[in-house]
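**Q** The following block contains the structure, expressed as structure tokens.
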Amino acid sequence: MLTVLLSVLAVLISLGSLVVAYASNRRSHMPVLQFMWESSQAGSGEPKWWLVNVGTGPATNVVVAQALRTSLKRGLGGETWYNPVLVPSIPAGGRLALTWLGGTMGLDCGLGVSYTDVERYFYTTKCGDDVSMFFIGLHLPRWPLLKLHDNKAIKTWWGVEDLAGPQWSAASADHVKRRWWLPSRFGISRRLGGWADPVLSYRHRERSTSLPSD
């Protein structure tokens, strides 16, 4: 009996060591993006919004979007996100100017960004009322990064000079098919191209979706 107990204990210790090693490896290249406002008084020229990577790994497949308001919670809830823009990868310690947001600190909207690490696992940052929340998993809509059925939902950053004109590619929880077996802490997807990735369920709208006014 003692031999069996020691064997079971050894197996449990080995499994625990594997879990700790896996978690440590993930954290070693985990990106964390934060929105930052920088005024012209900082000596950086024109005032603008920045996206800064304060994590330990590069952020790839970065999509910046806006919301009329955000609850700063997991999942989509009643949030409607629009104006998705695909930006270049941001290395650890790097930053990217969000020039199309203009030089106004008060945007009257929430900001969100979804991104992946080098292993294509999703992360999300939501920002509203000067508060930022970081989440593991995808907690924004899953727009296709490339064309889907000959339609392109996301604009690229070099093609967006400002936000003048109609909004594009508005999406909410009604546009998402979430897998019932996926833990809610991961939002609507855990990995880009994984089993729970709902990209094929995205429905493109030819006209911009009108959003409720305050």
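The values are calculated or read from the model by the stated rules, or taken from the named source; none is laboratory data. Every value quoted in this text rests on a predicted model; they were computed, and no experiment measured them. Positions of Cβ are generated from backbone atoms using ideal geometry, with glycine treated the same way; all protein chains shown enter the neighbour counts. Note: accessible area is taken over every heavy atom of the protein model, side chains too, but ligands, DNA and RNA are not part of it. Shrake-Rupley method; radii C 1.70, N 1.55, O 1.52, S 1.80 Å.
**Q** Charges only on Cβ, +1 for Lys and Arg, -1 for Asp and Glu: so what's the dipole of region 80-174 about the Cα centre, in debye to the nearest 20? Working shown, then result.
**A** Values: 7 positive and 9 negative charges, 61 e Å.
Dipole magnitude for region 80-174 comes out near 300 debye.
**Q** With all distinct Cα pairs included, what does the Kirkwood hydrodynamic radius of region 135-208 come out to in Å, to one decimal, could you say? Walk me through the intermediate numbers first.
**A** Details: mean 1/r = 0.0738 Å⁻¹.
When all Cα pairs of region 135-208 are included, the Kirkwood radius is 13.5 Å.
**Q** Compute the accessible area per residue over region 106-202, keeping the other protein chains in place, probe 1.4 Å, unit Å². Display every interim value, and only then the final one.
**A** On the way: 5110 Å² over 97 residues.
Accessible area per residue, region 106-202: 53 Å².
**Q** Turning to a different aspect of this structure: Where does the charge balance sit around Leu51 when Lys and Arg score +1, Asp and Glu -1, over other residues with C-beta under 12 Å from its C-beta? Provide the component values of the computation, followed by the final result.
**A** Working: positive: Lys48, Arg95; negative: Glu38.
Its environment carries a net charge of +1.
**Q** Computed over the Cα atoms of region 72-112, what is the convex hull's projected area averaged over all directions, in nm²? Could you put the intermediate results ahead of the total?
**A** On the way: hull surface 17.2 nm².
That works out to 4.3 nm².
**Q** Please list, or write none, the lysines whose alpha carbon is within less than 28 Å of the alpha carbon of Lys48, excluding same-chain residues fewer than 8 places away.
**A** By straight Cα distance, Lys48 reaches Lys73, Lys126, Lys152, Lys155.
**Q** What do you reckon, how do His149, His139 stack up by accessible area (1.4 Å probe), largest on top?
**A** His149, His139
**Q** Near Leu148, within a Cβ-to-Cβ distance under 12 Å, what is the net charge of the other residues, with Lys and Arg +1 and Asp and Glu -1? Show your work: numbers first, answer last.
**A** Values: positive: Arg142, Lys147, Lys152, Arg203; negative: Asp150.
Overall, the nearby charge balance is +3.
**Q** Something else now. How big is region 76-209 in terms of Cα radius of gyration and Dmax, in angstroms?
**A** My reading of the Cα-based Rg and Dmax gives 14.7, 43 Å.
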